[in-house]
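Structure first, then comments.
The values are calculated or read from the model by the stated rules, or taken from the named source; none is laboratory data. Only a predicted model underlies this, so the values are computations on that prediction, with no experimental measurement involved. Here the Cβ is made from the backbone with ideal geometry for all residues, glycine too, and neighbour counts use every protein chain on show. We work out accessible area using only protein heavy atoms, side chains counted, and drop any ligands, DNA or RNA first. Shrake-Rupley method; radii C 1.70, N 1.55, O 1.52, S 1.80 Å.
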Amino acid sequence: MRPTGKLHLGHLVGALENWVALQHEFNNYHLIADYHALTTNLDTSAIYQNTIDMLIDWLASGLDPVGSPMFRQSQIKEHAELHLIFSMLITAARLERNPAVKEQVRDLNIESVSYGHLGYPVLQAADILLYKGELVPVGEDQVPHVEITREIARRFNNQYKSVFPEPEPKLTKFARLPGLDGMDKKMSKSGGNTILLSDSPGEIQKKMRTAVTDPLKIRKNDPGRPEICLVYTYHQKFNPGEAEQVATDCRSGALGCVECKKRVAVRIADTLAPFREKRAHYESHLEEVKDILTDGEERARTVARQTMAEVHEVMKLG
Ligand code: ADP
């Protein structure tokens, strides 16, 4: 994940929940992609604070730093090194076809994409393969990048020797959570349409009031269409026990949007209550957070160095 500050519900349901679920079954590696943050923002003045904020969100979500290291990309030089080698194994034309970068360039009105931004899936391939990642738990938008990683791994293994696995993406049930501004918009920091994991119950209620609902349901008793309503998607995720009844009452006109939004906001706030408590603990124990990072970086570096030694060996470099 890029350190863009406090995390939102999209991060939680699209990726973080899987990280937590998989951490005891696999050796997880949790990467703070600070070089990747430069692709869309060259101003690094807030990057340290954003890193700490994100790390606290990870810890508050239940990730165990003892089991799985948490580390910054910039502190392990092997990421940059493997990126350089990988960048020879893929054509510029292939990267230009990547739908995820195209979408980003369009959404952020980028006039002319930088060399590093175009190549960020190659850096991502290095991030994954340095640790010989087999499963990549990400949101739907990242699937094309995992495909590029597979292609690079195949190319390297064929050209030299079989060093890397061909990783698979691992999606959650809600791999593309919509933002508050419409079903067709992904919840995203740059979209300004988020609910943060750290928002208070009051803030969640306030934000939920702005959520876009079925435009044909104007008055409370008008029949609605839950299947096109993002608030209903939130009910499915955060209020599964009542979601079916919510859909029935929306369709019949028995349930108005104001009440519907209030109910789901309460559920979201309840789900996040233990999270807020843990967050408060880490906010007042920042030394603990920094130690977790130092320890994670040492452990990740050891693995990354081993992989690079193997790469150099099979390439007859050095
Ligand atoms: P952002 O889009 O807010 O800048 P990132 O690109 O850093 O977030 O994404 C970090 C991870 O969270 C990725 O695996 C991404 O797929 C996932 N993710 C981000 N937003 C969503 C969303 N709205 N729904 C599902 N997954 C998401």
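The condition of being open to solvent by 30 Å² or more (accessible area, probe 1.4 Å), outside the structural domain of L89 (by TED's automatic domain parsing), in contact with a Ser or Thr (Cβ under 8 Å, 6 or more places away or on another chain) and within 12 Å of the ligand (Cβ to nearest atom) holds for K189. Only one of the numbered conditions (1) of a type in the set (S, T, N, Q); (2) in a loop (DSSP other than H, G, I, E, B); (3) within 23 Å of N18 (Cβ to Cβ) is not met by N221, and that is (3). Look at S45 and say whether it is open to solvent by less than 30 Å² (accessible area, probe 1.4 Å) and not in a helix (DSSP H, G or I). Judged against the criteria, S45 is not a match.
Summed over region 277-299, residues that are among the hydroxyl-bearing types (S, T, Y), surrounded by fewer than 15 Cβ atoms within 10 Å (Cβ to Cβ) and part of a helix (DSSP H, G or I) total 1. In this entry, S68 is excluded by the filter for residues that are in a loop (DSSP other than H, G, I, E, B), open to solvent by 10 Å² or more (accessible area, probe 1.4 Å) and more than 14 Å from the ligand (Cβ to nearest atom).
A Cβ distance below 6 Å, combined with a sequence gap of six or more or placement on separate chains, defines the contacts here; from region 1-29, residues that are closer than 21 Å to F71 by Cβ and part of a loop (DSSP other than H, G, I, E, B) reach residues that are open to solvent by 40 Å² or more (accessible area, probe 1.4 Å) and of a type in the set (K, R) in the pairs T4/K189. Against the conditions (1) open to solvent by 20 Å² or more (accessible area, probe 1.4 Å); (2) in contact (Cβ under 8 Å) with a residue 60 or more places away in the chain; (3) within 13 Å of the ligand (Cβ to nearest atom), N50 satisfies every one except (2). Among residues of region 129-142 that are more than 21 Å from V13 (Cα to Cα), none has a Cβ under 7 angstrom from a residue that is near the ligand (Cβ under 7 Å from one of its atoms) and assigned to a loop (DSSP other than H, G, I, E, B) at a sequence gap of 6+ or on a separate chain. Tell me which residues, restricted to region 217-238, are at pLDDT 95 or above and more than 13 Å from F174 (Cβ to Cβ). Answer for region 217-238, where residues must be at pLDDT 95 or above and more than 13 Å from F174 (Cβ to Cβ): K217, D222, P223, G224, R225, P226, E227, I228, C229, V231.
Quick check on V146: is it in contact (Cβ under 8 Å) with a residue 24 or more places away in the chain and either closer than 30 Å to A280 by Cα or among the hydrophobic types (A, V, I, L, M, F, W, C) (or both)? When the stated conditions are applied, V146 does not pass them.
Say whether the condition of being open to solvent by 70 Å² or more (accessible area, probe 1.4 Å) and under 17 Å from I195 (Cβ atoms) is met by at least one residue in region 300-312. No, the conditions are met nowhere in region 300-312. Residues of region 125-156 that are open to solvent by 30 Å² or more (accessible area, probe 1.4 Å), part of a helix (DSSP H, G or I), within 16 Å of the ligand (Cβ to nearest atom) and not acidic (D, E): Q142, V143, P144.
Take the conditions (1) assigned by TED's automatic domain parsing to the domain that holds P169; (2) modelled with pLDDT of 95 or more; (3) of a type outside the set (V, I, T); P3 misses just one of them, which is (1).
Screening S74 against (1) small (G, A, S); (2) open to solvent by 10 Å² or more (accessible area, probe 1.4 Å); (3) part of a loop (DSSP other than H, G, I, E, B) leaves a single unmet condition, (3).
Is it true that D53 is more than 21 Å from Y131 (Cα to Cα) and acidic (D, E)? Yes: the conditions hold for D53. Can you confirm whether L22 is within 14 Å of the ligand (Cβ to nearest atom) and either surrounded by fewer than 21 Cβ atoms within 10 Å (Cβ to Cβ) or of a type outside the set (S, T, N, Q) (or both)? Yes: the conditions hold for L22. Please work out which residue is nearest to the ligand (Cβ to nearest atom), limiting yourself to region 158-185 and to residues that are among the small types (G, A, S) and part of a loop (DSSP other than H, G, I, E, B). By that ranking, first place goes to A175. Please count how many residues of region 86-107 are surrounded by 13 or more Cβ atoms within 10 Å (Cβ to Cβ) and not charged (D, E, K, R). Here the count works out to 10. So is L196 more than 26 Å from A60 (Cα to Cα), open to solvent by 30 Å² or more (accessible area, probe 1.4 Å), in contact with a Lys or Arg (Cβ under 8 Å, 6 or more places away or on another chain) and hydrophobic (A, V, I, L, M, F, W, C) or not? So L196 fails the test.
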